[in-house]
Every structure is written in structure tokens, then in C-alpha cells.
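The structure appears below as C-alpha cells.
The values are calculated or read from the model by the stated rules, or taken from the named source; none is laboratory data. This structure is a prediction, so every number in the text was calculated from the model and none was measured. Here the Cβ positions follow ideal geometry from the backbone for every residue, glycine too, while neighbour counts run over all protein chains shown. Accessible surface areas use protein heavy atoms only, side chains included; no ligands, DNA or RNA. Shrake-Rupley method; radii C 1.70, N 1.55, O 1.52, S 1.80 Å.
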Amino acid sequence: MITNSNNKTSIKDNKDISKLIIEGIQEKKGKGIVILDLSAIETAAAHEFIVCEGSSTMQVTSIADSIRDYVLEHGGVKPYNYDGYRNAEWIVIDYGDILVHVFYKEVRDHYNLEELWCDAVITKVPDLD
């Protein structure tokens with residue numbers, strides 16, 4: 001990351017954004033964090049998916065809010081868009097080359113993005129206890 005004259009950090013690259021997204025997820029005890037590197041897949045909608053889950057729709061909303069707030073506060077970046085707050089079973093946050101998917105556990109199991117994008121390089125982030 002780069003620090004400007006106001007001592008605020010600004011994002012240098014997607015790795016910095018990914019790190020902040022993961023920290024935002026962990027702040028609200030999101031589980032099952034997985035990074036799917038889709039950069040080698042021509043038809044992918046983004047270069048990277050970050051997928052996680054919450055145990056209730058309230059926690060899903062809380063995790064999504066935490067991601068948006070944390071990345072803005074620590075990186076100065078707002079998402080381009082987000083959707084899914086109405087039923088809070090699957091919230092998607094769009095950071096351009098990175099799409100964040102915050103799932104309610106049963107919905108994540110149903111859609112199984114990791115299997116759908118099995119050609120991606122998949123990195124599991126250990127849960128914090």
C-alpha cells in the first residue's frame with residue numbers, strides 16, 4: 001500500500017484490496033473464505049472471486065457491510081456496485097477485477113461456486129477462531 005500526505009492509505013493493486021476484503025470478512029467472523037484466481041480463464045466475469053459464508057442472514061449482511069466499510073476506511077476504495085441485501089442469502093460486492101460473494105451457508109452449498117469454477121486456482125484461508 002501507499003501512504004499519502006494525509007497518512008491515509010491508498011490501494012496499490014488487487015492484492016491489497018483482496019487482503020482488506022479478507023480482513024473485513026474476518027472482522028465479522030465470516031467462515032469458509034476461499035479465493036478463486038480466475039485470471040487464466042478467458043470467460044470469467046472477474047480476475048478473482050472471494051467467497052465466504054455466514055451462519056444467518058443477519059451475519060451475511062453484517063459481513064458484507066464490514067467488507068465495504070473496511071475497504072473504504074483502510075484502502076479508500078468503494079465498490080462499483082453490490083446486490084443481494086434484500087434477502088441476504090447471497091450478497092455480491094463488485095470491486096472491478098474482484099467479486100466478493102457472501103453466502104448464507106445453505107445457499108453457498110447449493111450454488112457451489114468452487115465446483116462451478118473448478119478450473120480456477122483455489123486458495124483456502126484458514127478460519128479465525
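For this structure, a couple of remarks:
- Scanning segment 43-55 for residues that are closer than 25 Å to residue 121 by Cα and in a loop (DSSP other than H, G, I, E, B) turns up 43, 44, 45, 46, 47.
- Condition check for residue 107: within 17 Å of residue 18 (Cβ to Cβ), of a type in the set (Val, Ile, Thr) and at pLDDT 95 or above: no
- Any hit, segment 56-71, residues being farther than 19 Å from residue 86 by Cα, under 14 Å from the mean Cα position of the chain (by Cα) and β-branched (Val, Ile, Thr): yes
- Residue match in segment 11-26 (condition: open to solvent by 50 Å² or more (accessible area, probe 1.4 Å), among the basic types (Lys, Arg) and at pLDDT 95 or above): yes
- Hits in segment 100-124 - residues which are of a type in the set (A, V, I, L, M) and within 20 Å of residue 59 (Cβ to Cβ): 100, 102, 107, 113
- Exclusive hit being among the hydrophobic types (A, V, I, L, M, F, W, C), more than 15 Å from residue 19 (Cα to Cα) and within 11 Å of the chain's Cα centre (by Cα), set 51, 92: 92
- In segment 25-54, the residues that are on the phi > 0 side of the Ramachandran plot form Cβ pairs under 7 Å with partners that are buried (at least 18 other Cβ atoms within 10 Å of the Cβ), at six or more places apart or across chains, as follows: 32/52; 32/53.
- Screening residue 38 on (1) surrounded by 19 or more Cβ atoms within 10 Å (Cβ to Cβ); (2) touching a helix residue (DSSP H, G or I) at 6+ places or on another chain (Cβ under 9 Å); (3) more than 21 Å from residue 78 (Cα to Cα) shows it passes everything except condition (2).
- Helices (runs of 4 or more DSSP H) completely within segment 56-129 that count 3 or more residues being without any contact (Cβ under 8 Å) to a residue 40 or more places away in the chain and surrounded by 17 or more Cβ atoms within 10 Å (Cβ to Cβ): 57-75
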